[in-house]
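Scroll down for the structure; my scribbles are underneath it.
The values are calculated or read from the model by the stated rules, or taken from the named source; none is laboratory data. Computed from a predicted structure; not experimentally measured. All Cβ positions, even for glycine, are placed from backbone atoms using ideal geometry, and neighbour counts span all protein chains on display. Note: areas computed on protein heavy atoms with side chains; ligands, DNA, RNA excluded. Shrake-Rupley method; radii C 1.70, N 1.55, O 1.52, S 1.80 Å.
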Amino acid sequence: MSTKIGILAIQGDVAENVSSLVASIADLNQDATVHVVKTPEEISAMDGLVIPGGESTTIGQLSLVNGSQKVIKQKVESGMPVLGICAGMVLLASNATDRVVGKMDQPLFDFLDIELERNSFGRQRESFEAKISMDSIGISNYHGVFIRAPAISSTSDDIEVLARFNEKIVAIKKGNIIGTSFHPELTDDLAVHKYFVNLVKESKN
Ligand code: GLN
């Protein structure tokens with residue numbers, strides 16, 4: 001049966017992730033399909049999930065209201081691969097503060113024991129692009145697009161740091177859970193989405 005990869009479509013960068021996943025699957029010549037998902041029923045049929053960039057408070061609160069948060073937690077805790085991008089990475093965290101506002105009272109999925117700072121590099125106008133290397137997963141010289149991006153200041157020992165920028169942690173991995181501060185769907189380089197498609201495929205075998 002073909003692998004089903006979902007993009008959580010509550011708010012944020014959904015269409016761009018659809019394009020990147022569709023192109024990755026075609027390049028890899030894999031038997032996989034891409035689905036825009038929102039409801040608990042839709043999410044429960046997926047083999048992997050991308051939580052896109054956007055506004056983590058909005059995505060977190062609405063996922064609580066529509067019941068999808070519970071299903072996401074169950075699926076990820078039982079091994080479903082998840083890629084959290086920017087706001088999506090915020091949601092993976094156990095703890096999030098905002099660089100200016102401080103402690104945030106926002107619903108988080110709490111998959112990763114990390115200290116995370118929202119908007120760690122500044123506001124929208126301080127958005128930037130930088131070369132990022134994630135050598136341990138075979139991705140180097142990657143074009144990182146940072147938009148009101150979060151960063152991680154500390155992690156528990158079981159979390160692999162994939163990349164740093166200016167001493168801040170900007171990509172992490174724990175088993176099938178991956179988080180990036182930057183936006184892989186906003187570059188032509190499909191390396192991160194391809195890596196995720198392969199991870200989902202392997203997790204099904
Ligand atoms: N600053 C946003 C948040 O913390 C994330 C921005 C993004 O996803 N580009 O929710």
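The set of residues in the range 10-37 being surrounded by fewer than 18 Cβ atoms within 10 Å (Cβ to Cβ) and of a type in the set (Gly, Ala, Ser) consists of Ala15, Ser19, Ala23, Ala26. Looking only at residues of the range 14-53 that are out of contact with any helix residue (DSSP H, G or I) (no Cβ under 6 Å at 6 or more places or on another chain) and of a type in the set (Asp, Glu), we find that the one that is farthest from Lys201 (Cα to Cα) is Glu41.
Candidates are the residues of the range 167-187 that are in contact (Cβ under 8 Å) with a residue 40 or more places away in the chain and in a loop (DSSP other than H, G, I, E, B); the one that is farthest from Leu83 (Cα to Cα) is Thr187.
Based on what the data block shows, is Gly138 open to solvent by less than 30 Å² (accessible area, probe 1.4 Å) and either away from the ligand (no atom under 15 Å from the Cβ) or within 18 Å of Leu162 (Cβ to Cβ) (or both)? Here the answer is no, as Gly138 does not meet what is asked. Taken over the range 114-133, the residue count meeting the criterion of being within 15 Å of the chain's Cα centre (by Cα) and either more than 16 Å from the ligand (Cβ to nearest atom) or farther than 14 Å from Ala171 by Cβ (or both) is 1. What are the residues in the range 154-198 that are away from the ligand (no atom under 15 Å from the Cβ), small (Gly, Ala, Ser) and either more than 20 Å from Leu49 (Cβ to Cβ) or buried (at least 21 other Cβ atoms within 10 Å of the Cβ) (or both), if any? Once the filter is applied, which keeps residues that are away from the ligand (no atom under 15 Å from the Cβ), small (Gly, Ala, Ser) and either more than 20 Å from Leu49 (Cβ to Cβ) or buried (at least 21 other Cβ atoms within 10 Å of the Cβ) (or both), the range 154-198 yields Ser154, Ser156, Ala163.
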